[in-house]
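The values are calculated or read from the model by the stated rules, or taken from the named source; none is laboratory data. Owing to the predicted nature of the structure, the values given are computational and were not obtained by experimental measurement. Please note: Cβ atoms are built from the backbone with ideal geometry, for glycine as well, and neighbour counts cover all protein chains shown. Areas reflect the complete protein model, heavy atoms only, side chains present, ligands, DNA and RNA absent. Shrake-Rupley method; radii C 1.70, N 1.55, O 1.52, S 1.80 Å.
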Amino acid sequence: MRGRLLVVGALNIDLVVAANALPGPGETVVGDDLQRHGGGKGGNSAVAAARAGADVRYIGAVGNDEFGSTSLEELRAEGIDVADVAGKEGCATGAAVIVVDRAGENQIAVAAGANAAVTADDVRKAVERADGWPGCVLVSTEISMLAVITAVEEATARGWRCVLNPAPVVPGILDLLRLAPIITPNRGELKDLSRLLGHTDDSSVEEMAAFVSGHTGSAVVVTLGADGVLVCDTAGITTKIAAGKARQVVDTTGAGDTFNGVFAAALAAGQDIKTAAERGVAAATLSVEAAGARTSMPNVAAIDALIADQGAQRAGRA
Ligand code: RIB
């Protein structure tokens with residue numbers, strides 16, 4: 001069954017320099033030609049979900065400029081419904097300045113532009129149009145806090161499954177946790193959330209995930225980069241899902257977004273959390289093999305093939 005996914009988040013154009021090393025404070029590094037790619041955590045997740053077989057509607061905003069029209073064309077080309085994207089006069093479309101080093105690690109600075117101007121009303125209108133439609137809503141926090149709050153509140157009020165990617169962890173997020181979204185922090189974000197919730201010990205990822213899940217009353221799925229993800233269920237029981245090995249690591253930008261998009265797409269299609277996380281991890285593994293956040297995001301067949309291959313390898317070792 002195809003999942004129906006509503007994605008609320010930021011849309012950027014990524015301006016990328018591939019260099020030997022990331023710059024330190026005050027340092028200049030020189031790389032190759034400037035690359036331009038589609039980006040933004042919302043836009044990236046939407047593309048990952050669409051390639052993974054979901055019907056996707058994207059809610060966000062662009063400015064009235066060339067970056068805006070290019071961004072929308074790229075989403076439309078992936079079959080994503082962009083009817084709910086607000087055009088913001090006087091704002092620039094979001095842009096990210098990114099350096100990627102030889103190991104595929106990155107450094108990112110974002111100019112939020114129109115993403116910061118998404119209003120509660122923009123989200124409400126889109127949610128009303130989607131009434132009865134989605135199997136899941138995926139929200140990330142790179143847009144205005146009002147939009148984030150409205151999206152999570154509206155999804156919860158309608159009984160829609162909601163995944164909140166707290167990237168970045170922003171003030172005000174704690175109020176949303178009481179609405180029990182499934183949250184998908186990375187290690188650093190999990191630490192920030194546990195501190196905000198009053199956990200001061202230097203404890204393990206497992207303990208912090210169980211602590212945060214105890215507050216939200218919902219599952220916590222921690223993305224661990226090349227180590228895969230840790231799923232913590234509502235009983236505080238944790239399961240690790242290992243990542244396969246990428247054939248080559250060229251650019252890890254957007255790997256977390258790929259996980260979130262494919263994970264939420266699988267939940268929207270009715271899969272359980274662990275199966276959905278396994279699909280997300282496989283997709284994220286494949287997403288790092290080419291330059292640009294979206295270039296090597298896989299389709300359904302490629303995700304299925306990697307999962308089957310890993311299953312065969314496990315069986316061979318047993
Ligand atoms: O997560 C990667 C994304 O973060 C990039 O595409 C960039 O636009 C920033 O939003």
- Taking the range 269-285, which residues are closer than 18 Å to G9 by Cβ and open to solvent by 10 Å² or more (accessible area, probe 1.4 Å)? A284
- Query: Do you know which of the residues in the range 195-226 that are within 20 Å of V152 (Cα to Cα), not in a loop (DSSP other than H, G, I, E, B) and not β-branched (V, I, T) is least open to solvent (accessible area, probe 1.4 Å)?
  - Reply: S213
- Message: Give all pairs with beta carbons closer than 8 Å in which a residue from the range 28-46 that is closer than 21 Å to S287 by Cα meets a residue that is near the ligand (Cβ under 7 Å from one of its atoms) and open to solvent by 30 Å² or more (accessible area, probe 1.4 Å); count only pairs at least 6 apart in sequence or on separate chains.
- Response: G40/E142; K41/E142; K41/G256; G42/E142
- Query: Which residues, taken from the range 98-116, are within 16 Å of the ligand (Cβ to nearest atom) and either of a type in the set (A, V, I, L, M) or open to solvent by less than 10 Å² (accessible area, probe 1.4 Å) (or both)?
  - Reply: I98, V99, V100, G104, I108, A109, V110, A111, A112, A114, N115, A116
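Select from the range 230-257 the residues that are more than 16 Å from the ligand (Cβ to nearest atom), of a type outside the set (K, R) and under 27 Å from G292 (Cβ atoms) and list them in ascending order.
I241, A242, A243, G244, A246, Q248
Each row is one residue, and each column tells you yes or no for (1) at pLDDT below 95; (2) touching a strand residue (DSSP E or B) at 6+ places or on another chain (Cβ under 8 Å); (3) within 14 Å of the ligand (Cβ to nearest atom).
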position: L6; (1), (2), (3): no, yes, no
position: A10; (1), (2), (3): no, yes, yes
position: V17; (1), (2), (3): no, yes, yes
position: N20; (1), (2), (3): no, no, no
position: G31; (1), (2), (3): no, yes, no
position: Q35; (1), (2), (3): no, yes, yes
position: N44; (1), (2), (3): no, yes, yes
- Is it true that some residue in the range 82-94 is out of contact with any Phe, Trp or Tyr (no Cβ under 7 Å at 6 or more places or on another chain), touching a residue at least 12 places away in the same chain (Cβ under 8 Å) and within 12 Å of the ligand (Cβ to nearest atom)? yes
- Message: Considering only residues that are more than 18 Å from L267 (Cα to Cα), among the small types (G, A, S) and surrounded by 19 or more Cβ atoms within 10 Å (Cβ to Cβ), which ones fall in the range 120-160?
- Response: A126, S144, A147
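For G292, are the conditions met, namely being within 12 Å of the ligand (Cβ to nearest atom), open to solvent by less than 10 Å² (accessible area, probe 1.4 Å) and in contact with a strand residue (DSSP E or B) (Cβ under 9 Å, 6 or more places away or on another chain)?
In short, yes.
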